[in-house]
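Take a look at the structure below.
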């Protein structure tokens, strides 16, 4: 019998007319929306370049969301559960696909209306459908007081995590105490705070030779930066029950970051502020986490990083994810790993953080 696992990073695919349908009437003309341009779909978001989506006829007869190319389970919780059962996955932490843009809409009113519409849809469509789905609410941070109010609201809706932009606003880096009310609200509700790669800024930094690979590498560097900010500035020390998760960034870099931070903390002590009670690596091992899918480097380095920070993820339904070959992937990257450690990385820690315990007797 297949041993069930949890995915710490999976994605929904939002209806392409979600914001046109759900935004307040006076904002609908400015809503994020799909349009046809020169025979192709583009997704239009105020303040951002149009995003190419695919041909208008894409997947209409294949049970996939129009112009997205993803499996129907990306938008339908019942079909999604069938795919999870086939792959030996019990629960998932759910992040957006299209709404990842939502942090960078310039106008505050439109930005917050867009985020609330997504959070409502996620709660109604997935959180209400099954305890297997732990939704991560979209929380812009430009207005921290509003962010706290939205955290309070989505907690009542049944969402179980909050997602902040990986790239903090220029006027407020994550070592600023302006975010203390946000950390406090997330901690009070037991909601892990997630930072998904490619959010908060345009993830495309290079369009020349090698651009596709360069951008893929560059987008993961934000996770190292953000985790360093949270660990070294005292955020994790001040909020000891707060857990932070760097999402879709791999795990191989974590051991290097822990060593690098501790080296500076100890060898350059005369310049270090604040004077933390423990080295930065202590707080990451206690409260920090990174998600990974196919890559084995983080697993190899687990004796140094500890097992607690490592969260396996399928990235369903994205093409770089492990579905429908999750079990084969896990056998490969955990071939030499003790079964208890494998269980913690692939199931137990995610279950504890997000409330994803499978019922007794559940099986794939």
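None of the figures in this text is laboratory data; all of them are computed from the coordinates on show. It should be emphasised that the depicted structure is a prediction, and the values quoted were computed from it without experimental measurement. With ideal geometry, Cβ positions are generated from the backbone for all residues, glycine too; neighbour counts draw on all protein chains shown.
Return the tail of the calculated pair distribution for region 234-364, meaning the percent of Cα-Cα pairs more than 26 Å apart. Tail of P(r) above 26 Å: 28 percent of Cα pairs. Short-range pairs are left out: with C-alpha atoms under 8 Å and at least six residues apart, the relative contact order of region 227-364 is 24 percent. Length gained on full extension, residue 143 to residue 275: 44.7 nm, using 0.36 nm per residue less the C-alpha separation. Using Cα centres only, tell me the gap between region 173-246 and region 331-354 in whole Å. Region 173-246 and region 331-354 have Cα centres spaced 24 Å from each other. Stokes-Einstein diffusion for the chain at 10 °C, viscosity 1.306 mPa s, with a Kirkwood radius from C-alpha pairs, works out to 76 µm²/s.
Modelled label positions at residue 78 and residue 221, each set 7 Å beyond Cα in the direction of Cβ, lie 4.8 nm from each other. Spin-label model, residue 26/residue 340: points 7 Å from Cα along the beta carbon direction are separated by 6.1 nm.
The value obtained for region 197-293, namely the Cα convex hull volume divided by the number of residues, is 116 Å³ per residue.
Given in Å, the Rg to one decimal and the Dmax to the nearest whole number for the Cα atoms of region 156-205 are 12.3, 38. Each of 10, 339 has some number of other Cβ atoms within 10 Å of its Cβ, and from fewest to most they run 339, 10.
Note: region 101-218, Cα convex hull, 121 Å³ per residue.
By the Cα gyration tensor, region 102-148 has an equivalent ellipsoid whose semi-axes, rounded to whole angstrom, run 23, 10, 7 from largest to smallest.
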